[in-house]
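The values are calculated or read from the model by the stated rules, or taken from the named source; none is laboratory data. If you're wondering where the values come from, they're calculated on a predicted model, not measured in any experiment. Note that each Cβ is placed from the backbone with ideal geometry, even for glycine, and that neighbours are counted across all protein chains shown. These area figures cover heavy atoms from the full protein model, side chains too; ligands, DNA and RNA do not enter into them. Shrake-Rupley method; radii C 1.70, N 1.55, O 1.52, S 1.80 Å.
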Amino acid sequence: MLRKLTIRNYALIDSLELEFGPGLTIITGETGAGKSIMLGALSLIMGGRADSRVIADGGSKSVVEALFSNLTDDLESLFSEYDLDWNPEELLIRREIAANGRSRVFINDVPVTLGALSAISSRLIDIHSQHENARLNDPSAQLEIIDAMSDNEALRKRYAAAFSHFVEIRSKVKRLRDEIEKARENKDYLQFQYDGLKTLSPKRGELEEIERRFELLSDADEIRNRLQFFKSLLGENDRGAIDLLRAAKAEADKVDYSLVGISTDGDAPQIPVRLENVIVELQDIFETIDDAAATVDADPAALDKLSQRMNAYYEAVKHYRVKTADELVDMMESIGAQLQSIETGGEELPALEREGKKIAAEVKELGKELTATRVEGAAKFSEVVTAAARPLGLHNLDFRASVEIGKIGPTGQDRIDFICAFNKNQTPGPLAKMASGGEMSRLMLTIKGVLAGRMNLPTIIFDEIDTGVSGEIADKMGDMMVRMSEEMQVMAITHLPQVAAKGDSHFKVFKKDEATRTVTHVNRLDAESRVREIAAMMSGSEVGEAALNNARTLLGER
């Protein structure tokens, strides 16, 4: 239930902190006192639209906090879905609106999205306003009501999963058909492109290798001459580096290095050994250069062949409008796959079509089962609503929830229509055309009362649902709210003393002029203040002893 509501710097509210209890909570106040402002602030907790204009003059931001306690276990899966820590004892929702209009949302001090806020808060609280009365005419809202009465949640989930699968298969079939048709239309062109690429037969990295070889062969004579000169410097003549070093090594072997102060002890290699290492390394370099020189051959035929292959690559890159030669390989593979799809797609399509028919049959069967539960639930709902509404002055109410079978869709194949008549010998018709504002309010309260035990909502707020009624009917509506409050926390904004007197707690909303602005306040009324408030609701600004006694009588009946 909603345990505490804190509002700071919101419209006419400077700072407000209210604590609520179980049962029926009454909120009263003159028109324009700020009751709608409280609901506006609370709607932010429900994920409503944020508007920086609600920030009071001079403020940097508005803050609304709602503390809920004793959460139901069915919320745990939602918390897991949004990766939030679960604590069934307490839940704090905070919404902040900055001066630039930016909104921030926190659940238990963890930032969340508006989507997460709406999903969670819709399972915590229901604000019923005059707009909700109009929504009663919406077929989707009527379907939700009948489903709540039909106890078919598990079946609806199975149906929704099957229908989603059916839509997925149907989309795949359509996409595959379109692809096959388009591919067939382009088959000749695709084949022409593929044949051209196949003739070229491109390979990844081949062009780079050809360009390297072409450059080498183009400069073969110069490269070979340089390599030969390099070899001669190393050792192909008597003055080559290798021969000179061998002569130096022979002389080095004859020297006693200890006589000239060069130590031969320790780990350092001796000079002859070091010279031998250099000779070995140079000999290896010589052989490497010799091998390289042998591979350099100015072959005009090979050069021409490379040139033709290289030019073929260049022309293909330009013709097929790609950036690199490797992309030609990608294109050939892609076109090959498309051509293959044209040949094999016909095999995949029948399999998908068979699966689609199987899923469609399952959806149809589940839809029939869903319809059966709704027909039964609608009959039960019609009977219960008619009986429950009559004490509210709807003595001649003939209410029926009809189930019409239509086109299959995400929620089933059923369309729900609420048909009613409020007077004797009146032909029943659609609810929107038959009900006055007062009748709609009473009927909506009746429906909420019937569904109270099935809605699994901890808190419901009625915003002047008793508009247009008075006297005994108001008293009966109050009794219905009391019965609902045994199942859930109920809050009622009302102008009727008969309803106000039935609350377990009572808050009064009022405006007060301060030095520079008008501020909305909310007080929790004690027993005596409550008597005076209800007396004022009955008699106006002049509260006499008779009104006070009447108020005490009403409260005593509670």
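The residues listed here are Ile37, Ile97, Ile93, Ile27; of these, the one that is part of a strand (DSSP E or B), open to solvent by less than 80 Å² (accessible area, probe 1.4 Å) and closer than 21 Å to Lys512 by Cβ is Ile27. The condition of being among the small types (Gly, Ala, Ser), loosely packed, with under 15 Cβ neighbours inside 10 Å and not in a helix (DSSP H, G or I) holds for only one of Gly336, Gly406, that being Gly406. Within the stretch 146-166, residues that are over 18 Å from Val403 (Cα atoms) have Cβ atoms under 7 Å from residues that are acidic (Asp, Glu) and open to solvent by 30 Å² or more (accessible area, probe 1.4 Å) in these pairs: Ala162/Glu362, counting only partners at least 6 apart in sequence or on another chain. Within the stretch 180-198, restricting attention to residues that are touching a Gly at 6+ places or on another chain (Cβ under 8 Å) and open to solvent by less than 30 Å² (accessible area, probe 1.4 Å), the residue that is farthest from Glu327 (Cα to Cα) is Ile180. Test of understanding: among Met488, Met481, which residue is buried (at least 23 other Cβ atoms within 10 Å of the Cβ), of a type outside the set (Val, Ile, Thr) and at negative phi? After ruling out the rest, the residue left standing is Met481. Restricting attention to the stretch 100-123 and to residues that are in a loop (DSSP other than H, G, I, E, B) and modelled with pLDDT of 90 or more, the residue that is farthest from Leu71 (Cα to Cα) turns out to be Thr113. Per the listing Ile120, Ile107, Ile127, the residue uniquely open to solvent by 30 Å² or more (accessible area, probe 1.4 Å), of a type outside the set (Lys, Arg), within 25 Å of Met491 (Cβ to Cβ) and touching a helix residue (DSSP H, G or I) at 6+ places or on another chain (Cβ under 8 Å) is Ile127. Does Val450 fit the bill of being in contact with a helix residue (DSSP H, G or I) (Cβ under 7 Å, 6 or more places away or on another chain), open to solvent by 10 Å² or more (accessible area, probe 1.4 Å), aliphatic (A, V, I, L, M) and closer than 30 Å to Asp73 by Cα? Against the criterion (in contact with a helix residue (DSSP H, G or I) (Cβ under 7 Å, 6 or more places away or on another chain), open to solvent by 10 Å² or more (accessible area, probe 1.4 Å), aliphatic (A, V, I, L, M) and closer than 30 Å to Asp73 by Cα), Val450 qualifies.
Note on the stretch 12-62: residues that are at pLDDT 85 or above and among the acidic types (Asp, Glu) total 4.
Residues of the stretch 316-333 that are more than 24 Å from Glu179 (Cα to Cα) and outside any helix (DSSP H, G or I): Lys323, Thr324, Ala325.
Are any of the residues in the stretch 50-60 open to solvent by less than 80 Å² (accessible area, probe 1.4 Å), within 30 Å of Glu153 (Cα to Cα) and touching a residue at least 24 places away in the same chain (Cβ under 8 Å)? For the stretch 50-60, residues open to solvent by less than 80 Å² (accessible area, probe 1.4 Å), within 30 Å of Glu153 (Cα to Cα) and touching a residue at least 24 places away in the same chain (Cβ under 8 Å): absent. Only a single item in (1) touching a helix residue (DSSP H, G or I) at 6+ places or on another chain (Cβ under 8 Å); (2) open to solvent by 20 Å² or more (accessible area, probe 1.4 Å) is not met by Phe510, and it is number (1). Screening Ala99 with (1) within 22 Å of the chain's Cα centre (by Cα); (2) of a type in the set (A, V, I, L, M, F, W, C); (3) within 30 Å of Phe510 (Cβ to Cβ) gives one miss only, at (1).
Condition check ((1) within 25 Å of Met481 (Cα to Cα); (2) at pLDDT 90 or above) across all residues:
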site	(1), (2)
Phe68	yes, yes
Glu76	no, no
His131	yes, no
Leu136	yes, no
Ala141	yes, no
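Within the stretch 279-292, residues that are over 14 Å from Ser232 (Cα atoms) and of a type in the set (Gly, Ala, Ser) reach partners that are assigned to a helix (DSSP H, G or I) and at pLDDT below 80 with beta carbons closer than 7 Å, at six or more positions or on different chains, in the pairs Ala292/Leu227.
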